[in-house]
Amino acid sequence: MPQKNDILIGDLLIKEGIITPRQLEIGLIEQKKTKDFICTTLVKLGFATEDKVFSLLSRQLNLPYVKIKDKDIEQLIIQKVPAKFASHYKIIPIDYKDNTLVIAMTDPLDIRTLDDIRLLLGIEVKGVLASEEEIREAIRKYYGVGAETLEKMVSEKMPEEELEKASAKIEDIEVMAEDASIIKFVNQILSEAVKDRATDIHLEPFQDELRTRFRIDGMLYDINIPETIKYFHPAIVSRIKIMSGLNIAERRLPQDGRIKIKVADQELDLRVSTIPTVFGEAVQIRILSSGQFLELEKIGLSDDDRKIIETVIQKPHGIIFVTGPTGSGKSTTLYACLAKINSAEVKIITIEDPVEYQLRGVNQIQVNPLIGLDFATALRHILRHDPDVMMVGEVRDYETAEIAIRSALTGHLVFSTLHTNDAAGAITRLLDMGIEPFLVASSLECLIAQRLVRVICPKCKVPVKAKKEILDQIKDIKFDPAATEIYEGKGCEECRFTGYRGRTSIHEVLLVTDQIREMIISRASSQQIKQKAISQGHMLSLRHSGLLKVLQGITTFTEVIRVTQQEELPED
């Protein structure tokens, strides 16, 4: 049965025209399942906004409505309520005055909860109104991710000194790794990472701490987790190893594994890697969206660059290299190219380390050096399977490079990656590996260098006047001289006060023309090749490609300089 207070509040909301009688009826049915406060339920169902509902309650019931995100709560006040109480009752202490603790809660009319808290804490408490979302965020901010789980483990398992002793015993770790609290804590870390749009999770042990960091939009951020996490480091690592099918007894060697999880109806592939360090095993988890990748039209290419690439990937033979450092989105670009040409008439085989996304209709091979299956070995064998298109995850040595290039010369279209700073640098790298210039010149069709830049947060995006240094950098680009207004992000909760949310790519697309081929054969420097490609009008440098995105209001000048600082612009 609905509580009397819930019906009273529902009637108030109907009277003010915020919800309809039918919406209240649906809300009360849903509330029976969730056991939430009626206002929280109505907001979650989308029948009313948080501000309207809580502002009305505040006026009608004479209860203060508090915006927690506007407050800076002292740690001494936070310490008055244990994390497990805050999490269980969905409350956050915000002030302490006149020997009374002021706590923010979604339902300050809930006398039973107030009495429970008063009894548990042994002090007088007073409830004020706040939204559930803001309370949840405040618990995470002030107590840390999984604080109540860690607090429970410390209090229930054993004293801290005993925990330190147990962390050295394999049998204790195995038992702890299967404990419900450890399982819950690891799940909380994974859920938090997905919620924060993190691409990587780093767990790094040091002498007195276990540092936890998320990589969000390409930048690493420390995550607030209670210090007691250090006592559970071996158990947490073992739990992750169990999930990814690794050997939990082996701590001396690096290991790699995979986990498939589902978070909020989203299927995710996690790539797990462990390495032994002085203070224990460090864990890195790469988060990949299962089966989701970007199309060629959506990876940030300019119209001109996209047309060049679409033309090149339709050729029957040749080799296309995507270059850039680790984490610059090379795999995404390769998958987008393969998806574009994937059809029933084309046989595609890939050799990858690791296979990051599954492509329907594509034969994908995972290399395994432990059994001798490397890129070169796999490449030799797949030629017997009559492929039209091949993708080699990375060219690392002479043997792989030679087989890939000879495959391109014998009627196959080959895609691969190289670790070089720019597009022209890939030519120098191939020559340095020992590949003959005439083979490079004959097989190369296109070179694509790329970087990822952060996108300005749409919520806090504001126009600013372009400085002279920016205008000087873009003097060679065709643009409206009057359009000197660019954008920056002020920083807000949506973007973690960074001013950026999400990423896009900038590209340098070098089309290998007859003139470029002649320069390759004569062993011209990468800088000379780059200058020729720009002078032919086919290519913009990475810096200029980024500056165009600055003018379009997509990213900032500072961000472009950060990711292209190694680039030297060719002189006129």
*At least 2 residues that are without any contact (Cβ under 8 Å) to a residue 24 or more places away in the chain in each: list the strands (runs of 3 or more DSSP E) lying fully within segment 206-291 that qualify.*
210-216, 219-222, 255-263, 266-277
*If you go through segment 499-524, how many residues are touching a Lys or Arg at 6+ places or on another chain (Cβ under 8 Å) and open to solvent by 40 Å² or more (accessible area, probe 1.4 Å)?*
3
*Can you tell me how many residues in segment 84-98 are closer than 17 Å to GLU133 by Cβ and open to solvent by 60 Å² or more (accessible area, probe 1.4 Å)?*
1
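Within segment 80-137, which residues are acidic (Asp, Glu), over 26 Å from SER191 (Cβ atoms) and outside any helix (DSSP H, G or I)?
Of everything in segment 80-137, those that are acidic (Asp, Glu), over 26 Å from SER191 (Cβ atoms) and outside any helix (DSSP H, G or I) turn out to be ASP95, ASP98, ASP110, GLU124.
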*asked:* Quick check on LEU409: is it more than 14 Å from GLU352 (Cβ to Cβ) and at pLDDT below 90?
replied: no
*Mind telling me which of the residues VAL81, VAL43 ends up being touching a residue at least 40 places away in the same chain (Cβ under 8 Å), in contact with a helix residue (DSSP H, G or I) (Cβ under 6 Å, 6 or more places away or on another chain) and buried (at least 20 other Cβ atoms within 10 Å of the Cβ)?*
VAL43
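May I ask you to list the residues in segment 183-201 that are closer than 24 Å to VAL278 by Cβ and more than 12 Å from the chain's Cα centre (by Cα)?
Passing the criteria: VAL186, ILE189.
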*asked:* Just the residues that are in contact with a helix residue (DSSP H, G or I) (Cβ under 7 Å, 6 or more places away or on another chain) and either closer than 18 Å to ASN368 by Cβ or of a type in the set (Ser, Thr, Tyr) (or both), please, taken from segment 258-273.
replied: VAL272
*Residue check, THR484 against (1) at pLDDT 75 or above; (2) of a type in the set (S, T, N, Q); (3) open to solvent by less than 30 Å² (accessible area, probe 1.4 Å), all met but one. Which one?*
(1)
*Quick one: in segment 276-299, of everything that is more than 19 Å from the chain's Cα centre (by Cα) and surrounded by fewer than 13 Cβ atoms within 10 Å (Cβ to Cβ), which residue is farthest from ALA193 (Cα to Cα)?*
GLU297
_I'd like the residue in segment 522-543 that is within 22 Å of SER302 (Cα to Cα) and part of a loop (DSSP other than H, G, I, E, B) and, out of all such residues, is farthest from the chain's Cα centre (by Cα)._
GLN536
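The values are calculated or read from the model by the stated rules, or taken from the named source; none is laboratory data. Everything quoted here is computed from the prediction, not taken from an experiment. All Cβ positions, even for glycine, are placed from backbone atoms using ideal geometry, and neighbour counts span all protein chains on display. For accessibility, only protein heavy atoms count, side chains too; no ligands or nucleic acids. Shrake-Rupley method; radii C 1.70, N 1.55, O 1.52, S 1.80 Å.
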